[in-house]
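Colleague: This structure is in structure tokens; I'll ask about it shortly.
Just so you know, all these numbers are worked out from the coordinates, no wet-lab data involved. Just so we're clear, the structure is a prediction, and the values are computed from it rather than from any experiment. Here Cβ is always computed from backbone atoms with ideal geometry, including for glycine, and neighbour counts include all displayed protein chains.
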């Protein structure tokens, strides 16, 4: 879902709606980025709450299920923070891909085919595996924060540079 929502933010219809409120492309990207950050926070809270609900329901229907009974505030905040960072990373990646798909109509075919082809390819599969491990297997929350923030800032900067010549309404 975090990858699909940014596509709706980049569509030409949305640019026409944004014309009423936003005067240039940079403020349009900034407002979209703030929206993605807020929705990432909401998504992290909902994911955390739904995991607690799922544990509670599974315990109510089957008391033999082991459910962790102690959840400290620090652990809860760490889990919510990690979920938020992963959601933000995926949303920013989706935003860049949606922007690339709106550069030219043929990109709507080229990008998904390329991603699927690269995912199937064996040599590139190793790169995807290392990239996944680079983010997903990080033990330190501080290092995860640094990795995700640098990646998000790089991708956000790429979106601004890729679309600096676009009008808000074209």
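Colleague: Would you mind computing, in nm to one decimal, how far apart the modelled labels at residue 37 and residue 75 are, each placed 7 Å from Cα along Cα→Cβ?
Modeller: The two pseudo-label positions are separated by 3.0 nm.
Colleague: Between residue 134 and residue 160, what FRET efficiency follows from the Cβ-Cβ distance if R0 is 22 Å, with the result rounded to 0.05?
Modeller: Numbers: r = 24 Å, r/R0 = 1.11.
The calculated FRET efficiency here is 0.35.
Colleague: Turning to a different aspect of this structure: First measure r as the distance between the Cβ atoms of residue 149 and residue 59, then evaluate 1/(1 + (r/R0)^6) with R0 = 25 Å and state the FRET efficiency to the nearest 0.05. Let's see the in-between values first.
Modeller: Numbers: r = 37 Å, r/R0 = 1.47.
So the FRET efficiency works out to roughly 0.10.
Colleague: Can you bin segment 75-123 into rounded, prolate or oblate? Criterion: square roots of the alpha carbon gyration tensor eigenvalues sorted a ≥ b ≥ c, rounded for a/c under 1.5, prolate for a/b above b/c, oblate for the rest.
Modeller: Details: a/c = 5.96, a/b = 1.84, b/c = 3.24.
Taking the square roots of the gyration eigenvalues as a ≥ b ≥ c, segment 75-123 is oblate.
Colleague: I'd like to compare 27-34, 46-53, 141-148: which one has the highest average count of other Cβ atoms within 10 Å, and what's the full order after that?
Modeller: Working: 27-34: 17.6, 46-53: 12.4, 141-148: 14.0.
For the peptides 27-34, 46-53, 141-148, the packing ranking is 27-34, 141-148, 46-53.
Colleague: Sticking with this structure for a sec: Roughly how many whole Å is it from the C-alpha centroid of segment 31-45 to that of segment 48-65?
Modeller: Here the two parts' Cα centres lie 27 Å apart.
Colleague: State the dimensionless ratio Rg/Rh of segment 5-162 (Rg: radius of gyration of Cα atoms; Rh: Kirkwood radius). All intermediate terms of the calculation are to be shown ahead of the outcome.
Modeller: Numbers: Rg = 19.1 Å, Rh = 18.2 Å.
Expressed as Rg/Rh, it is 1.05.
Colleague: Right, something else. If you take the square roots of the eigenvalues of the alpha-carbon gyration tensor of segment 99-142 and sort them as a ≥ b ≥ c, do you get rounded (a/c under 1.5), prolate (a/b over b/c) or oblate?
Modeller: Working: a/c = 5.59, a/b = 1.74, b/c = 3.21.
Verdict is oblate for segment 99-142.
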